[in-house]
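Take a look at the structure below.
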Amino acid sequence: MSSKIIGRPMDRVDGKLKVTGKAQYAAEYNPPGMAYAVIVQSTVPRGTVLRMQTSEAERAPGVLAVLTPRNTPKLPGADKFSAVPVLPRLTAMQDSEVLYNGQPIALVVADTFERATYAASRVRTTYVEKAASLKLEAGLERSEPALGNFGMPPPGHTRGDAAAALAAAPVRVEASYRTPTEHHNPMEPHASIAVWDDPEHLTLYDSNQGVFFMRQFLSLLFGLPPDNVRVISRYVGGGFGCKALPWPHQIMSIMAAKVVGRPVKLVLTRQQMFSLVGYRPQTLQKVELGASAQGKLTAIRHTGYSETSELDAFTEPFVNVSNMLYACPNVATSQRVVRLSASTPTFMRAPGEAPGTFAFESAMDELAHALKRDPLELRRLNHADKDPEHGKPWSSKSLLECYRWCAERFGWQRRSLQPRSMRDGDALIGWGMATATFPAFRMQASALARVMADGTAVVQCGAADLGTGAYTVFTQLAAETLGMSPEKVRMEMGDTVLPPGGLAGGSSTTATASPAIRSASNEVRRKLVQLAVADKESPLHGLAEKDIVVEDGRLSSSQDTARGETFAQLLTRQKLTHVEGKGDAAPDPAEQKFSSHAFGSHFVEVRVDEALGTVRVSRIVTAMGAGRILNPKTARSQIQGGVIFGLGMALTEETLRDPRLGRVMTADFAEYHVPVHADVPDIDVHFVEEHDPHVNPLGIKGIGEIGTTGIAAAVANAVFHATGKRVRELPITLDKLL
Ligand code: MOS
């Protein structure tokens, strides 16, 4: 594919709409007659609702309804989900059981948000309390084997004989690591507005990562044909995984709209986002590595636990990386889950890989230290030339080039091997590195492209742009394929009236939708060429199709570009309003012959104040081999965002629950610390040019999540190099360094 527009660092096509407030987010729709709902949450971690006094709330001004377990309509399709892992999260007042502190137990609907909020504060609840399980460590004995989420295989892998190889290894390290509960905290809170157009037709304005996925769920749950449900999510202010699956608030807004016979808006507060829409579960991990005296890995054992709720068996698959990241003949990994009286965890940016790379890439650094070897050299020595887990060739892999580029850019050869050996005034200086990885997926998608008689084009695909640049890269791809200027192409996404797009999960959006958009656009271009050469009045009449060039909305002869006409001239003369093409794309089984992952590396410098224990990250150099990069500007910003996400994981982010009540104590930005600008140094991002002919037709790998992998380990490794102190428990706060 020639690339005049693809690969260019084009500005975001939705940037102006966003900075001028014209991009409409879910909470910004105001259908006529709309009422407002506010959720009442449980105040005990475990028990049964014995009695709810709602009369005061019902009598409060403007109140339209108070829904409780007693009067909430039963969900017609609830039983369809009991067998599906991850989905039985329907704590939408279907019974009186309280399984965690903060569970929705009532919903108040009023004519204004303020009145609903006031009335919600007047609901009085009496519980029969039961013993709650609140501590991961206390639940290890009753842990259960981890299942795979959504029918994915359970995490865990065995090859060779890890126990024997560990026993025989001349060099061994063994360490336990801990990662805390973390919350996604997208800038835009979750919001739903439910509109029953008639008793059989539902429209939901919602903030989510996939409108078709949401529609499928809601149509099953409410017993409606999918075509009777429309889900609209045009702009999303960040997702990171917490907007992938449905949560109680969507269901509750829909039920409430039915009960009051009006559209109902339900927007979560920042505080509610800490108990109603998932989180990354805390993990306890143990890593054992065996190596030859030269540093070749001979054994990997990686095991551990993650928390889940009483409702669900969600697994954070942290051992996945240990199975495939380095060449090693003997590997044994497995995981278990512990049910706690907590809300249900979910996918969070690089689920599995983020906490998994922290433990595993920290352990690799510990091994390098035990061997007195350079950590980068150790990784090069153990580079996996093919996928060691499945024995397949990689579709492409540029990890060695990532290492090389980062090491040179960073100046790694000036690093001293000894911890505590680099200093600048009061600051101990540390240099650390780690490998990043994330699998490349794609799903099914369809697209429609239409060139209009006025010379503009509309391209549609019901995929999601979480704010990452999908509108922009799809506009570039369509414009280039159609032979038009991107300014003339309008991309439409995030609505179930459009052709089905995939779920923005697993960093797959671009790989999923691009082949469909390209094939729809190609069809339109072909039709335009055919129309022109067949038209006696066209200057191109009679030419062979292959002799027509299409550029900037104009068809011309490749021999004589002055001979030609614009799309608009052609369509107007033909009295056509538009020409359209459709495209469908799905994973090709041939792609399964290869293992497809993006790989990268992070090199980090920290400055640790010896007296205060404070850690400042002063430099980050990151390289990624992530397939074709459609737009280096939006891609760079996505990797930077991923790195910043990882910095929060490394240094500041931690959700704490009250040890007696199980209530989240850090439920706002004063207590839950995401990195601010002052915490983030310049992040130098480089993409290694990578042409992958096997991963998918356009050679695209995802970049949404990989930036977050490895970064916490790179920081921890740098902190060790600075201080000689190994912190195995995130976040690396100053108390752990004093
Ligand atoms: Mo992403 S955590 O796969 O939604």
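The values are calculated or read from the model by the stated rules, or taken from the named source; none is laboratory data. The model shown is predicted, which means the values in this text are computed figures rather than measured ones. Every residue, glycine among them, receives a Cβ derived from its backbone with ideal geometry; neighbour counts consider all protein chains shown. Only protein heavy atoms, including side chains, enter the accessible area calculation; ligands, DNA and RNA are left aside. Shrake-Rupley method; radii C 1.70, N 1.55, O 1.52, S 1.80 Å.
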**Asked** Val719 fails exactly one of the following numbered conditions: (1) within 16 Å of the ligand (Cβ to nearest atom); (2) farther than 27 Å from Ile629 by Cβ; (3) in a helix (DSSP H, G or I). What is the number of that condition?
**Response** (1)
**Item:** Condition met for Gly239 (within 16 Å of the ligand (Cβ to nearest atom) and either at pLDDT 95 or above or touching a Ser or Thr at 6+ places or on another chain (Cβ under 6 Å) (or both))
**Value:** yes
**Request:** Filter the range 155-167 down to residues that are outside any helix (DSSP H, G or I), surrounded by 14 or more Cβ atoms within 10 Å (Cβ to Cβ) and touching a strand residue (DSSP E or B) at 6+ places or on another chain (Cβ under 7 Å), then give me how many there are.
**Result:** 5
**Fill in**
Among (1) crowded, with 18+ Cβ neighbours inside 10 Å; (2) without any contact (Cβ under 8 Å) to a residue 60 or more places away in the chain, Glu523 falls short only on (2)
**Request:** Scan the range 649-664 for residues that are crowded, with 23+ Cβ neighbours inside 10 Å and either over 14 Å from Thr733 (Cβ atoms) or without any contact (Cβ under 8 Å) to a residue 40 or more places away in the chain (or both) and report the count.
**Result:** 3
**Request:** Give the residues of the range 487-528 that are within 16 Å of the ligand (Cβ to nearest atom) and β-branched (Val, Ile, Thr), sorted by residue number.
**Result:** Thr509, Thr510, Thr512
**Request:** For Tyr127, state whether it is assigned by TED's automatic domain parsing to the domain that holds Glu58, of a type in the set (Ser, Thr, Tyr), in contact (Cβ under 8 Å) with a residue 24 or more places away in the chain and touching a Ser or Thr at 6+ places or on another chain (Cβ under 7 Å).
**Result:** yes
**Message:** Please verify whether Ala434 is hydrophobic (A, V, I, L, M, F, W, C), closer than 30 Å to Lys386 by Cα and surrounded by 17 or more Cβ atoms within 10 Å (Cβ to Cβ), treating the condition exactly as stated.
**Reply:** yes
**Hits in the range 52-70 (condition: open to solvent by 30 Å² or more (accessible area, probe 1.4 Å), under 20 Å from Val128 (Cβ atoms) and at pLDDT 95 or above)** = Gln53
**Message:** Just to be sure before I move on: is Ala313 in contact with a strand residue (DSSP E or B) (Cβ under 8 Å, 6 or more places away or on another chain), of a type in the set (Gly, Ala, Ser), more than 27 Å from Val171 (Cβ to Cβ) and buried (at least 24 other Cβ atoms within 10 Å of the Cβ) in the structure I sent?
**Reply:** no
**Message:** Going residue by residue through the range 198-206, is there one that turns out to be within 16 Å of the ligand (Cβ to nearest atom), in contact with a strand residue (DSSP E or B) (Cβ under 8 Å, 6 or more places away or on another chain) and either open to solvent by less than 10 Å² (accessible area, probe 1.4 Å) or not aliphatic (A, V, I, L, M) (or both)?
**Reply:** yes
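When you check Met364 against the structure, is it within 16 Å of the ligand (Cβ to nearest atom), aliphatic (A, V, I, L, M) and not in a strand (DSSP E or B), yes or no?
Judged against the criteria, Met364 is not a match.
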**Asked** surrounded by fewer than 24 Cβ atoms within 10 Å (Cβ to Cβ) and within 16 Å of the ligand (Cβ to nearest atom) - does that describe any residue in the range 467-481?
**Response** yes
